[in-house]
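Colleague: Below you will find the structure I want to go over with you.
The values are calculated or read from the model by the stated rules, or taken from the named source; none is laboratory data. No experiment lies behind these values; they were computed from the predicted model shown. Cβ placement follows ideal geometry from the backbone for every residue including glycine, while neighbour counts extend to all protein chains displayed. Note: accessible area is taken over every heavy atom of the protein model, side chains too, but ligands, DNA and RNA are not part of it. Shrake-Rupley method; radii C 1.70, N 1.55, O 1.52, S 1.80 Å.
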Amino acid sequence: MPITFNGMSPVLIVMGGFEGYMTMSFLIFAIWFISSLFVGRAYCAYGCQWGATQELLAYAVPKQLDASKKKKRRKIKYIVFIIWIVFVALGPILTLGYINGFSPFYPTPGDPTGLISWNELNIGQLIFYFGIISSVVLLFGLVGGNRSFCNYACPMGVLGVIGTKIMNLLRYPALHLEADPEKCTQCKECSKACVMGLDVHELVDSGNMYNADCILCGSCVATCNQDTIKYTWKWRNRRS
Ligand code: SF4
Ligand code: SF4
Ligand code: SF4
């Protein structure tokens, strides 16, 4: 940020759609979704500016995600996603498609960052992004713990949840975690290390590492000193 924020905006994709433009955010979210069919939610771990914002906050103000209430709260993001996707679809439906074509730097053609040509729209955007969205994301982190915005509220993350569920259902070769419960010493360090607040130890115990809330960040892989958990890419036997 700020160079990347126009390209990963849940708002500009909607605004552009209502004006008949296919935006950079549309393209990037489409790539995220397609990538999730093969590498799960790796974009959440390695490619998202809002994920990075939360992780940076966690360095400054360490707070573990509250695992006890997470399951119910996690459903909130699906409601946000449904509202968001309806608005994403509504624009092109009402304008009969992306009639004005692809606009990579929408809403400021010729200005990739949206910062050079200062006009009312850009200033409004800056206030919106840094003043409102960033505050919301940071507030989630401060109140709920690291990655709580990802867990409870992010609609873009749901794209990856859907892709991961398709990947896990069809069981074709794709990036996923695998564990050998026999090697596990029950130390539970993997659960403490999970940035998404998952009970990784329970997943290991069950022999089923497929969880759509896993972002494949690898923290559990790096933490386990028994080499119990590993990344793999092959045909799978079990479903999530
Ligand atoms: S869940 Fe949303 S905010 Fe979190 S990393 Fe994924 S896309 Fe970014
Ligand atoms: S860190 Fe490794 S050994 Fe410890 S509970 Fe997790 S999987 Fe088992
Ligand atoms: S289960 Fe492991 S790879 Fe998945 S989010 Fe948690 S720490 Fe990251």
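Colleague: Which members of segment 156-167 meet the condition of being more than 16 Å from ligand 3 (Cβ to nearest atom) and surrounded by 18 or more Cβ atoms within 10 Å (Cβ to Cβ)? Give the derivation first.
Modeller: In the first step, residues of segment 156-167 are kept if they are more than 16 Å from ligand 3 (Cβ to nearest atom); the result is 156, 159, 162, 166.
Selection gives MET156, LEU159.
Colleague: Also: Restricting attention to segment 14-41, which residues are in contact with a Cys (Cβ under 8 Å, 6 or more places away or on another chain) and farther than 14 Å from CYS194 by Cβ?
Modeller: Across segment 14-41, the qualifying residue is only GLY40.
Colleague: Among the residues of segment 155-197, write down those that are among the hydrophobic types (A, V, I, L, M, F, W, C), out of contact with any strand residue (DSSP E or B) (no Cβ under 8 Å at 6 or more places or on another chain) and in contact (Cβ under 8 Å) with a residue 40 or more places away in the chain.
Modeller: Once the filter is applied, which keeps residues that are among the hydrophobic types (A, V, I, L, M, F, W, C), out of contact with any strand residue (DSSP E or B) (no Cβ under 8 Å at 6 or more places or on another chain) and in contact (Cβ under 8 Å) with a residue 40 or more places away in the chain, segment 155-197 yields MET156, VAL158, LEU159, VAL161, ILE162, ILE166, LEU169, CYS184, VAL195, MET196.
Colleague: Could you tell me whether LYS188 is more than 10 Å from ligand 3 (Cβ to nearest atom) and surrounded by 14 or more Cβ atoms within 10 Å (Cβ to Cβ)?
Modeller: It is true that LYS188 is more than 10 Å from ligand 3 (Cβ to nearest atom) and surrounded by 14 or more Cβ atoms within 10 Å (Cβ to Cβ).
Rundown of residues vs (1) touching a Ser or Thr at 6+ places or on another chain (Cβ under 6 Å); (2) within 10 Å of ligand 2 (Cβ to nearest atom); (3) among the aliphatic types (A, V, I, L, M), yes/no style:
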residue	(1), (2), (3)
HIS176	no, no, no
LYS188	no, yes, no
ASP205	no, yes, no
SER219	no, no, no
ILE229	no, yes, yes
THR232	no, no, no
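Colleague: From the list ALA153, ALA222, which one is more than 8 Å from ligand 3 (Cβ to nearest atom) and in the same structural domain as THR53 (by TED's automatic domain parsing)?
Modeller: Result: ALA153 is the single residue among ALA153, ALA222 that is more than 8 Å from ligand 3 (Cβ to nearest atom) and in the same structural domain as THR53 (by TED's automatic domain parsing).
Colleague: Quick one: which residue in LEU175, LEU170 is away from ligand 3 (no atom under 14 Å from the Cβ) and not basic (Lys, Arg)?
Modeller: It is LEU170.
Colleague: Looking at ILE76, ILE99, ILE82, which one is farther than 30 Å from PHE140 by Cβ, assigned by TED's automatic domain parsing to the domain that holds ILE28 and at pLDDT 85 or above?
Modeller: ILE99
Colleague: Name the residues in segment 222-238 that are at pLDDT 85 or above and either open to solvent by 100 Å² or more (accessible area, probe 1.4 Å) or acidic (Asp, Glu) (or both), would you?
Modeller: ASN225, ASP227, LYS230, TRP233
Colleague: Which is touching a helix residue (DSSP H, G or I) at 6+ places or on another chain (Cβ under 6 Å), away from ligand 1 (no atom under 14 Å from the Cβ) and open to solvent by 50 Å² or more (accessible area, probe 1.4 Å), of PHE26, PHE33? It would help to see each step written out before you state the result.
Modeller: Details: PHE33 fails: away from ligand 1 (no atom under 14 Å from the Cβ).
It is PHE26.
Colleague: Taking ASP205, is it over 15 Å from ALA45 (Cβ atoms), open to solvent by 30 Å² or more (accessible area, probe 1.4 Å), touching a Cys at 6+ places or on another chain (Cβ under 8 Å) and within 14 Å of ligand 3 (Cβ to nearest atom)?
Modeller: yes
Colleague: Please state which one of SER148, SER135 is among the polar types (S, T, N, Q), modelled with pLDDT under 95, open to solvent by 50 Å² or more (accessible area, probe 1.4 Å) and away from ligand 2 (no atom under 16 Å from the Cβ).
Modeller: Just one listed residue meets the conditions, SER135.
Colleague: Going through segment 10-22 one residue at a time, which ones are out of contact with any strand residue (DSSP E or B) (no Cβ under 6 Å at 6 or more places or on another chain), open to solvent by less than 50 Å² (accessible area, probe 1.4 Å) and either more than 17 Å from ILE132 (Cβ to Cβ) or not assigned by TED's automatic domain parsing to the domain that holds PRO104 (or both)?
Modeller: If the condition is that a residue be out of contact with any strand residue (DSSP E or B) (no Cβ under 6 Å at 6 or more places or on another chain), open to solvent by less than 50 Å² (accessible area, probe 1.4 Å) and either more than 17 Å from ILE132 (Cβ to Cβ) or not assigned by TED's automatic domain parsing to the domain that holds PRO104 (or both), then GLY17, GLY20 are the ones that fit.
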